[in-house]
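Before any comments, here is the structure.
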Amino acid sequence: DNFFSNTYIKYDRRFNAHDLNLQAGFRFMNNHLYQSTMLGYNSGNDKTPNMSSGLQYKKTGGLDNTDVSLTYWAQANYNFMEKYYLSASLGISSSSRFGGQVSNGIRLFGVPWGIFPSVSAAWVVSSESWFNVDFINYMKINAGYDLMGNDGFDDSASRTYFAPVRVLGVSGLVMSNIGNSALQWETTTKLTAGLDMSLFNNRLALSANIYKSNTNNLLAVSSLSYLTGLPNTWSNDGALSNFGYDVTASAKLLNTQNVKWEAGLGIGAYKNEITALPDNDRTVTTEIYGATIKSEKGRPVGVFYGYQTDGVYSTSAEAAADGLMVVADNGVRTYFGAGDMKFVDQDNNHIINSKDMVYLGDPNPDFYGRIFSTLHVKNFSLSATMAYSVGGDIYNYNRMLLESGSRFHNQTVAMTNRWTCEGQMTNVPKIYYEDPMGNARFSDRWIEDGSYLRLKNVTLSYKLPVANSYIQGITVWGAANNLVTFTNYLGSDPEFSMSTNILTQGIDRGLMPQSPNFSLGVKINL
């Protein structure tokens, strides 16, 4: 069950050329989650969903978490003659998720509080009496500073607690988390600047924005020693920087009484860089869905790290000439043969192992944006929007499962091109149960270019010429979404979001794609 409240007072006053807006209040949020789970194996059939004493490996679990947060906030907006704008806000927040030994912020009523201010200003330069540029009809510049906080970690991450366990029929308690009493909010400072312009008798509009942000006390999962019996814990040991921009231009190509046509283009890009990692490590590797994600100081977030391939060995002689091998833990050597993947031996020691792993791709796109157009012909209106992204790499997890040839799983028709005989030229290796040579290991074989151009929306509407005392207008419209996508990506959808975790942004695990859909509607203005 959840409870949310945002209570505030508001004051508006306009006097002469001054316009003032003040707000202040507090937000309270209480989330309570209670959950009981039971798990058992080897039921009689798939249509028996109930627990019974006959199930094997039975275990129970559950949650009983309460998350409380409180924020006091104030905001002020002021403008003078619609020419000078100034905004400022201040938030003071606390959360039950925080540890008891937080070092930043202030301490009130026995709990830690984070302080998050922001300020922004804008200037309409074209409103100045001295501004006299014929082809510029409007120009505004703006700048801002924000300090933001994030408490997006587990409700009980700052606490040490025990949980029940059952071993060989005996019940007991084991430590399930080692709390971090210094765990606190993640803080991001952000500087922004922008420019808005209207040119050539308002026929061309331009908007440009840039930002630079630095995130300190970055929330991260730190590994623990095996002596603790636990794999990891939360910490604030990371840091990240971001720089980005976006530019939008739109033009009125036709502007007559009966025909109006406007079209535009938007483009944006960002670059992020890891500046600190937990435990002062230089690199941290994370295994997700068979992929190795390597986080390294000075590099972007979420980059793929694995093996580089150079085709498939066509003949035994070709494989023998390379003499590459894998070495088991007991020292047994197994050589690659015909039909195996040809992995690049980066250190030239003829052994393919983790020392041969390299950076394979970056899920962050080079740039992205949209293309849009609106055409009005008398009472008809037709609009279309296309979205695009260029340069982001994708790990196709589905292909890794369905083209590995190492399990009794369904496989795609691509496996009909697998290597089957000496001298065959193909890029699909032979199939071998359990894949002893690691042909399906994480490599550039599963990394694809995620660039795409998608027709996101087309809307056609007609405004009926109706106007009386009761109805001011009727508009009939029809819309189509996700009509067509142009891409070389082999997965179902290059535009996806696996989760909010930044490390999973380039992993396609087969979620439902954005399919075409259609809608009709009527809008009545009373």
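The values are calculated or read from the model by the stated rules, or taken from the named source; none is laboratory data. Everything numeric in this text was worked out from a predicted model, so none of it was measured. Positions of Cβ are generated from backbone atoms using ideal geometry, with glycine treated the same way; all protein chains shown enter the neighbour counts. What goes into the accessible areas is simple: the full protein's heavy atoms, side chains included, and nothing from ligands, DNA or RNA. Shrake-Rupley method; radii C 1.70, N 1.55, O 1.52, S 1.80 Å.
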Checklist entry - Based on what the data block shows, is Phe162 more than 30 Å from Lys59 (Cα to Cα) and either open to solvent by 50 Å² or more (accessible area, probe 1.4 Å) or at pLDDT 80 or above (or both)? => result no
Next on the checklist: For Ala157, only one of the following conditions fails: (1) touching a Phe, Trp or Tyr at 6+ places or on another chain (Cβ under 7 Å); (2) surrounded by fewer than 16 Cβ atoms within 10 Å (Cβ to Cβ); (3) not in a strand (DSSP E or B). What is its number?
Outcome noted: (2)
Item to check | Test for Ser94: is it in contact with a Pro (Cβ under 7 Å, 6 or more places away or on another chain), over 25 Å from Val174 (Cβ atoms) and in a strand (DSSP E or B) | outcome: yes
Item to check | Filtered residue count, segment 89-103, keeping only those that are touching a strand residue (DSSP E or B) at 6+ places or on another chain (Cβ under 7 Å) and closer than 21 Å to Ser156 by Cβ | outcome: 7
Checklist entry - Considering segment 152-171 alone, what residues qualify as being under 35 Å from the mean Cα position of the chain (by Cα) and charged (D, E, K, R)? => result Asp154, Asp155, Arg159
Next on the checklist: What are the pairs with Cβ atoms under 9 angstrom where one residue, in segment 498-525, is under 19 Å from Arg454 (Cβ atoms) and the other, located anywhere, is among the acidic types (Asp, Glu) and part of a strand (DSSP E or B)? Sequence gap at least six, or different chains.
Outcome noted: Met498/Asp508; Gly506/Asp393; Asp508/Glu448
Item to check | Selection within segment 230-245 - open to solvent by less than 60 Å² (accessible area, probe 1.4 Å) and either free of Cβ contacts under 8 Å to residues at least 24 places away in the same chain or of a type outside the set (Val, Ile, Thr) (or both) | outcome: Leu230, Trp234, Ser235, Asn236, Gly238, Ala239, Leu240, Ser241, Asn242, Gly244
Next on the checklist: Kindly evaluate Val344 against the criterion of being over 20 Å from Tyr433 (Cβ atoms) and touching a Gly at 6+ places or on another chain (Cβ under 8 Å).
Outcome noted: no
Item to check | Residue satisfying condition, being out of contact with any Ser or Thr (no Cβ under 8 Å at 6 or more places or on another chain) and buried (at least 17 other Cβ atoms within 10 Å of the Cβ), within set Ala220, Ala205, Ala269 | outcome: Ala269
Item to check | Selected residue (only one of Asp329, Asp322, Asp347 is free of Cβ contacts under 8 Å to residues at least 40 places away in the same chain, charged (D, E, K, R) and in contact with a helix residue (DSSP H, G or I) (Cβ under 6 Å, 6 or more places away or on another chain)) | outcome: Asp347
Item to check | Scan of segment 300-322 for residues that are within 23 Å of Val358 (Cβ to Cβ), part of a loop (DSSP other than H, G, I, E, B), out of contact with any Pro (no Cβ under 7 Å at 6 or more places or on another chain) and open to solvent by less than 20 Å² (accessible area, probe 1.4 Å), ordered by number | outcome: Val301, Tyr313
Checklist entry - So is Thr71 of a type in the set (S, T, N, Q) and either in contact (Cβ under 8 Å) with a residue 24 or more places away in the chain or part of a loop (DSSP other than H, G, I, E, B) (or both) or not? => result yes
Next on the checklist: Tell me yes or no: at least one residue of segment 462-480 is closer than 24 Å to Gly361 by Cα, open to solvent by less than 70 Å² (accessible area, probe 1.4 Å) and touching a strand residue (DSSP E or B) at 6+ places or on another chain (Cβ under 9 Å).
Outcome noted: no
Checklist entry - Restricting attention to segment 389-420, which residues are open to solvent by 80 Å² or more (accessible area, probe 1.4 Å) and among the polar types (S, T, N, Q)? => result Asn410, Thr416, Asn417, Thr420
